[in-house]
Amino acid sequence: MTGARGIRSVTVAYPQFADSARRGVPCVSAPFRRRQSLAYNKPIPEPDPLSRPFWDGAKAGKLMLPRCTDCNRVHWYPRWICPFCHSRNIEWFEGSGEGRIHTFAVQHRAFGGWADEVPFVTAYIDINEGDRMFTVLRGVDPSKPETIQIGARVRVEFEPASEDVHIPFWRVI
Amino acid sequence: MPGELSRAAAIVGAAEANEIGYPEIPKTSLQLHIEAIKNVSDQTGIPISAIDGIFSAGWSSQIAEHLGLHPRYIDTTSVGGCSFEMHVHHALAAIHAGIIDVALVTHGEAGWSARANHGRGTGRPRGMGDPWDPGSQFSAPYGISGAPSNYSHAMTRHNHRFGTTPEDFAHIAVVTRQWATLNPRAIMHSRETHPQGGPITVEEVQTSRLVSWPLTLLHCCLVTDYGGAVLVTKPEIARSVKTKPVWIAGAGENMSHSNMLEMGDFTATSAAASSATAYKMAGMGPEDMEMAMIYDSFTVTAGITAEMLGLAPRGEGFTLWKDGHAAPGGRLPINTNGGGLSFNHSGMYGMQLLVEAYRQLSGTAEDGGYSGLPGKQTKARSCVVNGTGGSLSTTGTLVLVSD
């Protein structure tokens, strides 16, 4: 297919755009737009070609993680290259979905949909596999930060934000 | 006759991304950068880990983070298509000066793929703040809302690791306000300059409105307007003008991450590395510093940075303020303008640090000095200046001395 100015346009079903291909949406002419559901009024992540396996896993209730097959280290967030040994041989695997609180804060000021939720507790999670994720903690009392313990064990759960995107949150166990 | 920089450095390799033009599968700009970088590394046999200087049109901190590098020279000159020739020029100077050995000049721009992915008319280059950016996907969905909501996590971790308390850090706000009361240009100088201006107590800091626990409002810097400029010249000119020279004895820079997701130690910053470089260049150490200008976006920023600069032991940075050493009349005056906390903070505060350091070391901080700006003069003849950028991400340190 040739468009204006002889530029080749592409309508192939890219693996990472499987959902749009299923609907027969050509990738060139249709914006890959964020779908905001009425129920969820907070920012919804937009998966990209690199992170697609993670978001596909999240939708299926799995915490998928990238791991370098040369040095065997897990990194977070997804990379085009291993940040430790600079290999480009990276695979995805299903993680344990468990970790511990590294540090946290209680947000008393926020914007957009999150403004309705203040105060809420944000935290960095040391995942068991070895790198760190950011989250909003479930199962804690934002009015009593002294009761939240650094090092406490947490488990991931996934909350649907839209038909396609389920967002990981971590709950103290 | 060739200039001093002539042949001081050479380009040793050049490579491209795996697919360019109209890639079959649309790419991101970051991906294009990384492919080209990997390829030039393979081509030359120079490992990516040997790169110690990064030059790009705005991407340098994100690229370095993606590669897991902590470069000693970070250049983001972005003035259009000629930027990359300028990067080579800047790299030549940095190599000639002995600051770095291996400079990476990199470019990635998904001019076509951005349109392919997002539809016609939305072909903006993908960069920081983009919905595909790691931070957009893995931080922003969790209600993070600017600097205070990030920096608070560092305070919590510092409290946990060293047994410190938010009250300990509140002393930084109290002492910095003391300096502001001596600077008529400070927003918080007095009740006349601001309804909440004038001296404050630890209790007032702790009972002010919570912004991001454990940070209350008075743990956070102001948001103001500012303009500032400094001139740097060669010694011959510096000796001949009517103003006093303040010498750049040492300089260093570094970074530990771009997004706080990648901050390994929440109680440490790259100021340890950038100040080590600067002290070494100066042939001086923290014990030689007679004052300090420390970026205080938040009390926790200043407290941690004081530790990184070697001015206090690990975990004890706040004691410089709590014990009065940093206060007016103390042995190590810090943030003599009233700081970002109480003088002025426009979003990026590094220039305010420089202007105050010059005024102090040139002896022109008092009323009537030719700087024309009133303030409180100290006796300091040396000053360590440290700027912190991002989310405790990037640091630049200067060691400045007067004659």
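Here, each number is a calculation from the coordinates, and none is a lab measurement. Note that the structure is a prediction, hence the values are computed from the model and not measured. Positions of Cβ are backbone-derived with ideal geometry, glycine not excepted, and every protein chain shown enters the neighbour counts.
If the viscosity is 0.890 mPa s and the temperature 25 °C, what translational diffusion coefficient in µm²/s does Stokes-Einstein give for the range B:1-84 when Rh comes from Kirkwood over Cα pairs? List each step's numbers first, then the result.
Working: Rh = 14.5 Å.
Once the numbers are plugged in, D ends up at 170 µm²/s.
Straight distance only, please: which lysines reach the Cα of A:Lys59 with their own Cα at less than 26 Å, same-chain residues fewer than 8 apart left out?
Of all the lysines, those that pass the test against A:Lys59 - Cα under 26 Å, at least 8 places apart if same chain - are A:Lys42, B:Lys27.
For the protein assembly as shown, divide the Cα radius of gyration by the Kirkwood radius and give the resulting Rg/Rh value with two decimals.
0.99
Most exposed first by the Cβ proxy, i.e. fewest other Cβ within 10 Å, how do B:Tyr226, B:Tyr151, A:Tyr124 rank? Could the numbers behind the result be given before it?
Values: B:Tyr226 15, B:Tyr151 26, A:Tyr124 22.
Neighbour counts put them in this order, fewest first: B:Tyr226, A:Tyr124, B:Tyr151.
Under the Karplus relation 6.51 cos²θ - 1.76 cosθ + 1.60, θ = phi - 60°, what is the ordered set of whole-Hz ³J(HN,Hα) values for the range B:204-218, x standing for Gly and Pro?
5, 5, 6, 9, 5, 4, 6, 9, 8, 3, x, 8, 8, 3, 7
Just for the protein assembly as shown, what percent of DSSP beta bridges are antiparallel, to the closest 5?
80
Quick one: putting +1 on the C-beta of Lys and Arg, -1 on the C-beta of Asp and Glu, what dipole do you get for the range B:29-142 around its Cα centre, in Debye to the nearest 20? Spell out each step's value before the answer.
Values: 6 positive and 10 negative charges, 76 e Å.
That gives a dipole near 360 debye.
Which percentage, to the nearest 5, of the DSSP beta bridges contained in the range A:52-172 is antiparallel?
95
What is the percent of Cα-Cα separations in the range A:52-172 that go past 20 Å?
On the way: 3504 of 7260 pairs.
Across the range A:52-172, Cα pairs with separations above 20 Å total 48 percent.
Just tell me how shielded A:70-81 is by partners: mean number of partner chain Cβ atoms within 10 Å of each residue's Cβ, no decimals.
The per-residue average across the peptide is 4.
Averaged over A:43-56, how many beta carbons belonging to a partner chain fall within 10 Å of each residue's beta carbon?
5
What 222 nm value per residue comes from the helices of the protein assembly as shown, counting each DSSP H run with n ≥ 4 as -39,500 (n - 2.57) and dividing by all residues, nearest 500 deg cm²/dmol?
-7000 deg cm²/dmol
Classify the range B:233-272 as rounded, prolate or oblate from the Cα gyration tensor: take a ≥ b ≥ c as the square roots of its eigenvalues, call it rounded if a/c is under 1.5, otherwise prolate when a/b beats b/c and oblate if not.
Prolate is the answer for the range B:233-272, as a/c is 1.5 or above and a/b outweighs b/c.
From the cross-link list B:Lys244/B:Lys376; B:Lys244/B:Lys280; B:Lys242/B:Lys379; B:Lys244/B:Lys379; B:Lys322/B:Lys379, which pairs have alpha carbons spaced over 23 Å apart?
B:Lys244/B:Lys280
Using only Cα atoms, locate the centre of the range A:55-88 and the centre of the range B:223-238, then give the distance between them in Å, rounded to an integer.
One Cα centre to the other: 45 Å.
Ranked highest first by average number of other Cβ atoms within 10 Å, how do B:304-317, A:129-142, A:106-119 line up? Provide the component values of the computation, followed by the final result.
Details: B:304-317: 22.4, A:129-142: 19.4, A:106-119: 17.5.
Highest to lowest by the protection proxy: B:304-317, A:129-142, A:106-119.
Grab the beta carbon distance between B:Gln196 and B:Ser346, set R0 = 22 Å, and tell me the FRET efficiency rounded to 0.05. Before the final figure, lay out the partial values.
Numbers: r = 19 Å, r/R0 = 0.87.
E(calc), rounded to 0.05, equals 0.70.
Can you work out the base-10 log of I(q)/I(0) for the range B:29-142 at q = 0.09, 0.10, 0.18, 0.20 1/Å, using the Debye formula on its C-alpha atoms alone?
Log10 I(q)/I(0), no solvent term: -0.26, -0.32, -0.96, -1.12.
Give me the tail of P(r) for chain B as a percent: Cα-Cα pairs with distance above 37 Å. Can you show the working numbers first?
Working: 22675 of 81003 pairs.
That fraction is 28 percent.
Taking amide H atoms as placed 1.01 Å from N in the peptide plane, list the residues 5 or more away in sequence, or in a different chain, whose amide H sits under 5 Å from that of B:Val211.
Those qualifying (amide H under 5 Å, at least 5 residues apart or on another chain) are B:Thr216, B:Leu217.
To check you understand DSSP bridge types, tell me what percent of the beta bridges within the range B:205-402 (both residues inside) are antiparallel, rounded to 5.
80
Points 7 angstrom from Cα along the Cβ direction at A:Asn89 and A:Asn72: gap in nanometres?
1.3
What is the average number of partner chain Cβ atoms found within 10 Å of a Cβ in A:118-125?
4
Could you tell me which trypsin sites (Lys or Arg not before Pro) in the range B:208-276 are loop residues by DSSP with no more than 12 other beta carbons within 10 angstrom of their beta carbon?
Passing sites in the range B:208-276 are B:Arg209, B:Lys242.
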